[in-house]
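Heads up: the structure comes next, in structure tokens.
Rule-based calculations on the coordinates, nothing more; no lab input. Only a predicted model underlies this, so the values are computations on that prediction, with no experimental measurement involved. Don't worry about glycine lacking a Cβ; one is built from the backbone with ideal geometry, like all the others, and counts go over all protein chains shown.
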Amino acid sequence: MNDLKVWIALVLNELEKLYHNEERVPELGHDEPLDGLILTVLSQNTNDKNRDAAFKRLKDRFPVWDALADKNIRELEDSIRPAGLAPTKSRRILDILEIIKQDFGSYSIKELANRDRSEIRKYLTSLPGVGAKTASCVMMFDLKIPAFPVDTHISRITRRIGLAAANMTAENISQLLESNVEPERYLGGHVNMIAHGRAICSSRSVKCDICPLRKLDLCKFKNN
Ligand code: SF4
């Protein structure tokens, strides 16, 4: 292991002790990965609570995706309204469903899991409104393909710690983590970093005095 790999492993060990251990990492996937993809589209620019409320309303009204494809876009907009940006997200969802039906013959993307990792990423990011983070979330949570999604919390923490340079994009940081973390630790690392970003290393109030990464000299951030 090189120094960077050791450093990241030590950081992940500490976060694991603080938030979840390997056994306690929540099971966040869906039986049908297309559900995870639509959920992630709903999650853009909103919080988990509103995303989940919109997804529940959507599935209550349209339990199967075939039922949605024939409906008026207004009905779809109405059902996903809690997630915000309803007209844009509705258009995206309908476009994605149409492409999936054309490419796979049904409203399922389970077959994607049999392809190469790079091919899966390329396919998902070719869909309307699906960026690198959305693709990585669907890969990791729903297709069970190794990927390390990087959100705003993980970007902030990796920069503060000194693992990522200030000018690195979320996509660059994701590549850095995927190259230096064991794939079986991606899921735990992802959820624990987000938990740390919410509880201690937040954007508004950073609590270095109670952070184990400060005590163990694993973080280069200087705030005093
Ligand atoms: S020491 Fe401070 S900046 Fe570094 S990870 Fe902990 S809370 Fe964040």
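Highest mean first, what order results for 197-203, 137-143 on Cβ atoms within 10 Å?
Going by the mean number of other Cβ atoms within 10 Å, highest first, we get 137-143, 197-203.
At q = 0.12 Å⁻¹, what base-10 log of I(q)/I(0) does the Debye formula yield for the stretch 143-224 when every alpha carbon is treated as an equal point scatterer in vacuo?
Each listed q maps to, in turn, -0.33.
Calculate how steeply helix 86-104 sits against the longest principal axis of the alpha-carbon atoms of the chain, using the helix alpha-carbon long axis, and give the answer as 0 to 90 degrees to the nearest 10.
Helix 86-104 sits roughly 80 degrees off the main axis of the chain.
Pairing the Cα long axis of helix 186-199 with the longest principal axis of the chain, what angle in degrees results, from 0 to 90 and rounded to the nearest 10?
It is inclined by approximately 70 degrees.
Taking only Cα atoms and a 10 Å spring cutoff, compute GNM fluctuations for the chain and point out the largest among I96, I145, I161.
I161
Project the alpha carbons of the stretch 33-143 onto their principal axes and report the range along each, largest first, in whole Å.
The Cα atoms of the stretch 33-143 stretch 37, 29, 20 Å along their principal axes.
Sum up the charges of everything whose Cβ sits under 12 Å from the Cβ of A164, counting Lys and Arg as +1 and Asp and Glu as -1, but leave A164 out.
+3
Report the paramagnetic label zone for C208: residues of the stretch 146-173 whose backbone N is under 13 Å from a point 7 Å from Cα along the Cα-to-Cβ axis.
Counting backbone N atoms under 13 Å from the label point, the list is 160-162.
Taking the Cα atoms only, what angle lies between the long axis of helix 152-161 and the longest principal axis of the chain, rounded to 10 degrees?
20 degrees
What number of lysine-lysine pairs in the stretch 66-224 show an alpha-carbon separation below 17 angstrom, given a sequence spacing of 8 or more or placement on distinct chains?
Close lysine pairs found across the stretch 66-224: 12.
Along the three principal axes, how long is the chain when you take its alpha carbons, biggest first, rounded to the nearest angstrom?
57, 36, 34
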